[in-house]
Each structure stands twice: as structure tokens, then as C-alpha cells.
Amino acid sequence: MHILSNARIYDLEQPRYFGAPIYPSHAPGYFYTLHRHHERGMGETRTSASGFLYTTEHAGTHIDALCHQAEDLRLYGGREVNASMQTPFGFTELGVETIAPLITRGVLLDIARQRGVERIGAGNPIKRAELEAAAQNQGVAIGEGDVVLLRTGNGALWQDPTLYLQAGGVSADASSWLASKGVSAVGADNVAWDEVGVVDADLKVTLPGHVILLVRNGIYIIENLLLEELAGDHCYEFTFICLPLKLRGATGSPVRPVAIASEGYIGVK
């Protein structure tokens, strides 16, 4: 712990609970039930409790693997989706277990603050110009290999699933701009990164950022982040750590990302 004595650690994971916000195609989401209980009559003073965990890999704070999305039935790198790759037990290529631990420079772009609002709702997707303006106003530059996190302000509404699911998202041009920067991953405090339910006029698909980032550029997407504390401290540069579980063949993984900010990284309020 000595090497972190002058650093602050920000927990970027939302708490997991039954009934938490979930993208409709990934419902029902998350369940946890106890199947062993502490009780008397077990033959000794020591007792034990344990439970069953049932969840989709895209519930709560999670990372998307490259096999999660396809374009014309081709994954990143032009890999054709066929029966030998897409099996009943998962993917034989580009599963979430192939994601190396993400330990790199992180950048937060506070788009809600850039707009002067508490939260960004649906109907006005985040544009490339807003990302550029936020970076300039915050005094940060985006470099190759960075992880870029976008704050919409909706992370504060995690306990209100109905309102949380009405969050705004990111436009295709903003996703393309981030891809052009060579980032390793992106993330946001909303349910799907993209604006939900909107068909992109150029790509003719919903969730265009998923195609641009995952399929065309091999850039991971992290969703349902908790960015309020990080933004509240005006902490816009930090060391970002995210460790996906090695779930062989899975299309994503629950994660508990953290941001580690040294004194030099914490902005002035």
C-alpha cells in the first residue's frame, strides 16, 4: 500500500441487485439467492452460508467482448460467424477471456458538465464536437491506448431503473472520432453506450457505436459505470484498471473498474 499512499482510488462499479437497470435484450439480469444458511443443529458451532449467482454477462457494470457484436455476420478482423465459432457453449474466438487486464491511462470527459446539465436524457446524442470541446475545456488530450470514459450524469440514477434507462447516448460520429484516436476501450454511465432505439442514418443500424468500436476497430466498451465521485473531484486523468473475468467463450464480463489518481492528476475545483 505504500506506493498508493499519495493516491486516491475511485470505485467505478455500480452495486448489483435484483431489479437493477438492464438493457431489454439482456433481461432478466441479475439474481442472487442463498441456498445454505447459518442455522442450529449442524453438529458443530461453526456454520456456513453460501448462495447461487445467476446473471447475464451484460448486467450491471460490465465489459463487452469482441464476439458480442457482428456486422454482416462477421466479427472483428473479418472473422465469419459460423457453427464452429459460435457454439451452444460460447465462442471459440474473441471471447471475453481473451481480453488482457486493462491497466492504462484513463481520461474522463464530463459531457453533462460541458452541457451545463445534471444529466443527459434521450433524444440529443453526444456529438464529436462535444467530446473535443470537453477535452479542451478540461485540459486533457486523448492518446493512443487510453481508456476514455464519458459522463452523462445518469450514474446517479442507478437506483431508479425507469429513469436510468431513459439516458442519452453517444452518436456514431463521436464513436468514430474516439476510434480514430486509437483508444483501447471506452465507457459510459449509461446502459448501452449508444443512444438506444435510434437507427443511424449512415450505417442503417441501431447501436452504431458497437459496430464502429467493437467490430470495425476492436475497441472494448464498458457500460453502466459509476462516474459521479470522479467527476465531482474534477479528476479527468488517472490510472485506469479493469480486470475482466476469464469466462471462456462469453460475450462479456462483469467488472469492477477503478481509477487511481495521484495528487498530480486531481484537478482544481
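The values are calculated or read from the model by the stated rules, or taken from the named source; none is laboratory data. Source: prediction; values computed, not measured. Methodologically, a virtual Cβ is constructed for each residue, glycine included, from the backbone with ideal geometry; neighbour enumeration extends over all protein chains shown. Surface areas here come from the heavy atoms of the whole protein model, side chains and all, with no ligands, DNA or RNA. Shrake-Rupley method; radii C 1.70, N 1.55, O 1.52, S 1.80 Å.
Within a Cβ distance under 10 Å of Ala134, other residues only, what is the Lys/Arg minus Asp/Glu net charge?
0
Semi-axes, largest first, in whole Å: what does sqrt of 5 times each Cα gyration tensor eigenvalue give for region 86-221?
Output for region 86-221: semi-axes of 24, 19, 15 Å.
With a cut-off of at most 12 other beta carbons within 10 Å, and DSSP calling the residue loop, which trypsin sites (Lys or Arg not before Pro) in region 1-78 qualify? Please list them.
Sites meeting the loop and neighbour criteria: Arg40, Arg46.
How many percent of the accessible area of region 84-171 is carbon or sulfur, using a 1.4 Å probe?
Whole-percent figure for carbon plus sulfur exposure: 51.
With a 1.4 Å probe and every protein chain left in place, work out the accessible area per residue of the chain in Å², rounded to a whole number.
Value for the chain: 50 Å² per residue.
Can you tell me the dipole magnitude for the chain around its Cα centre, using point charges on the Cβ only (Lys, Arg +1; Asp, Glu -1), in Debye to the nearest 20?
Dipole size: approximately 420 debye.
Where in region 51-120 are there GluC sites (Glu not before Pro) that are in a DSSP coil and have at most 14 other Cβ atoms within 10 angstrom of their Cβ?
Sparse-neighbourhood loop GluC sites (Glu not before Pro): Glu118.
Please list the radius of gyration and Dmax for region 11-157, considering alpha-carbon atoms only, with Å as the unit.
Rg and Dmax of region 11-157, Cα atoms, are 21.1, 67 Å.
Residues with beta-carbon under 12 Å from that of Thr92, excluding Thr92: net charge, scoring Lys, Arg +1 and Asp, Glu -1?
0
Using the alpha carbons of region 1-73, what is the convex hull volume per residue in cubic angstrom, as a whole number?
With only Cα atoms used, region 1-73 gives 213 Å³ per residue.
Sum up the charges of everything whose Cβ sits under 14 Å from the Cβ of Leu245, counting Lys and Arg as +1 and Asp and Glu as -1, but leave Leu245 out.
In short, 0.
Under unit Cβ charges (Lys, Arg +1; Asp, Glu -1), what dipole magnitude, rounded to 20 debye, does region 1-63 have relative to its Cα centre?
Rounded to the nearest 20 debye, it is 140 debye.
Among Ala201, Ala179, Gly249, whose Cα projects farthest towards the positive end of the dipole of region 135-269, with charges put on the beta-carbon of Lys, Arg (+1) and Asp, Glu (-1)?
Gly249
Excluding residues fewer than 8 places away in the same chain, name every one of the aspartates and glutamates whose C-alpha is closer than 19 Å to that of Lys181.
Those aspartates and glutamates meeting the cut-off are Asp110, Glu130, Glu132, Glu144, Asp146, Asp173, Asp194, Glu237.
How big is the antiparallel share of DSSP beta bridges in the chain, given as a percent to the nearest 5?
Bridges in the chain that DSSP calls antiparallel: roughly 70 percent.
Could you compute the FRET efficiency for Glu80 and Ser48, with r as their C-beta to C-beta distance and R0 at 51 Å, rounded to 0.05?
0.60
Please report the antiparallel percentage of DSSP beta bridges with both residues in region 155-269, rounded to the nearest 5.
Of the beta bridges lying entirely in region 155-269, close to 55 percent run antiparallel.
If contacts are Cα pairs under 8 angstrom and at least 6 residues apart, what is the relative contact order of the chain in percent?
Value for the chain: 29 percent.
Can you figure out the FRET efficiency of Ala141 with Leu163, using R₀ = 35 Å and their beta-carbon distance, to the nearest 0.05?
For Ala141 and Leu163, the calculated efficiency is 0.55.
At 1.4 Å probe size, with the rest of the protein present, what percent of the exposed accessible area of region 1-81 is carbon and sulfur atoms?
After summing per-atom areas, the C and S share lands at 54 percent.
Gain in length, Thr33 to His234, computed as 0.36 nm per residue apart minus the alpha-carbon separation, to one decimal in nm?
Extra length from Thr33 to His234 when fully extended: 68.5 nm.
In a solvent-free Debye calculation with one equal scatterer on each Cα, what is log10 I(q)/I(0) for region 76-152 at q = 0.11, 0.12, 0.27 Å⁻¹, listed in the order of the q values?
Log10 of I(q)/I(0), two decimals: -0.51, -0.58, -1.23.
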